[in-house]
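The values are calculated or read from the model by the stated rules, or taken from the named source; none is laboratory data. Everything quoted here is computed from the prediction, not taken from an experiment. Quick reminder, even Gly has a Cβ in these numbers, built from the backbone with ideal geometry, and neighbours come from all protein chains shown.
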Amino acid sequence: MHRYSGVSAALFIILISISGILLNHTNSFKLDQQQVTWSWLLNHYHIGYPNSLVSYQAEEHWLTQADHQIYLDGNYLFEQSAQLVGAVAINDVLILAFQQQLVLLNTDGERIEQIDIASVLQPFANNLSVDKQSTIINAIQTINDSVLIRAGSIVMLSNDMLLSWQITSELSHWSSTQTLPTQLGQEINQQFRHHLINWERVILDLHSGRLPGPYGIYLADISAIILILLSITGIALWIRRR
C-alpha cells in the first residue's frame, strides 16, 4: 500500500513540477499566444460555436463578425465587441464600419487606421443638433470614389479617403448583410473555437487541479495529503530502523 501510494504521489509531483516549469516560462514558450485546437479539449471546456455570423461582401472579400471576433475571408483578424454594421472596399482598402468607429485595413487584413465617429462629427458640432443616435454609425457605402456613412439621421460623405467630411443629403444603397458561402461559414465556425482558449490557461488549470472538473481540486488535495503522510511515515520508519 505504501509503495503504490508512493508511486501515485510521485506521478502527482511530476505533473505539478512539469506544469509549474512551463508556467514559469510562459513567455519563452509563448503559451499565451498558442491557441488550443484539440476538439476534445475544447469540448471539455464547453466551448461551442458563435451565436451568429454577420457578414458583408466588399468586392471579392468577405468581412464577418462571429460574436466578438472579426474575420477577413475566413482568416481571424481581431476582437471587437461593437457591432459590425457594414463593410466596403475602395482603392484596395477595406473599410469596416462599427457602431462608433471606422477601421481601415489593407487586403491582407493589416490595420491601416482607425477613425472614431466623434472625430468625424466634431467639426460640425456647432451646426448640427447631435443626439445620441447621431454618434452611432448604422450604415456605410461607396459611390464611385466617395465613402458615405449614416449616423442617425445624418449622412456624411468623404471624397478623399476619409481625410475630410461633409454633410450631404445624397441617398445611397447601403451595405447590407449577406449570406456567407457554406464552406467559408464552416471554416469560420471552426476557427472561432480555436481563438477562445490558449495553452497557458489549460496548463494553469492542470497545475491547480481544475482541469479534470469540479472534483479535480479535491483529487489534488488528496494527492498532497498522501504525499505529506508518506513523508511523515517515511521519516518515522527511518528513525525506527536506526
Task: Considering residues of segment 92-118 that are within 27 Å of G152 (Cα to Cα) and in contact with an Asp or Glu (Cβ under 7 Å, 6 or more places away or on another chain) only, the residue surrounded by the fewest Cβ atoms within 10 Å (Cβ to Cβ) - done: Q100
Open item on the list: With the structure loaded, tell me whether L41 is hydrophobic (A, V, I, L, M, F, W, C), closer than 17 Å to D205 by Cα and surrounded by 18 or more Cβ atoms within 10 Å (Cβ to Cβ) or whether it fails that test.
Closed with: no
- [ ] Would you please name the residue that is farthest from Q114 (Cα to Cα), looking only at residues in segment 60-102 that are over 14 Å from the mean Cα position of the chain (by Cα) and aromatic (F, W, Y)?
- [x] W62
Open item on the list: Here is a check on your reading of the model: is A66 in contact with a helix residue (DSSP H, G or I) (Cβ under 9 Å, 6 or more places away or on another chain) and either among the aliphatic types (A, V, I, L, M) or farther than 24 Å from V202 by Cβ (or both)?
Closed with: yes
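Conditions (1) under 16 Å from A58 (Cα atoms); (2) surrounded by fewer than 16 Cβ atoms within 10 Å (Cβ to Cβ); (3) modelled with pLDDT under 90, marked per residue:
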residue	(1), (2), (3)
N126	no, yes, yes
S129	no, yes, yes
Q133	no, yes, yes
Q141	yes, no, no
V147	yes, no, no
L157	no, no, no
W165	no, no, no
T168	no, yes, yes
- [ ] Return yes or no: is H194 within 30 Å of N24 (Cα to Cα) and either of a type in the set (D, E) or touching a strand residue (DSSP E or B) at 6+ places or on another chain (Cβ under 7 Å) (or both)?
- [x] yes
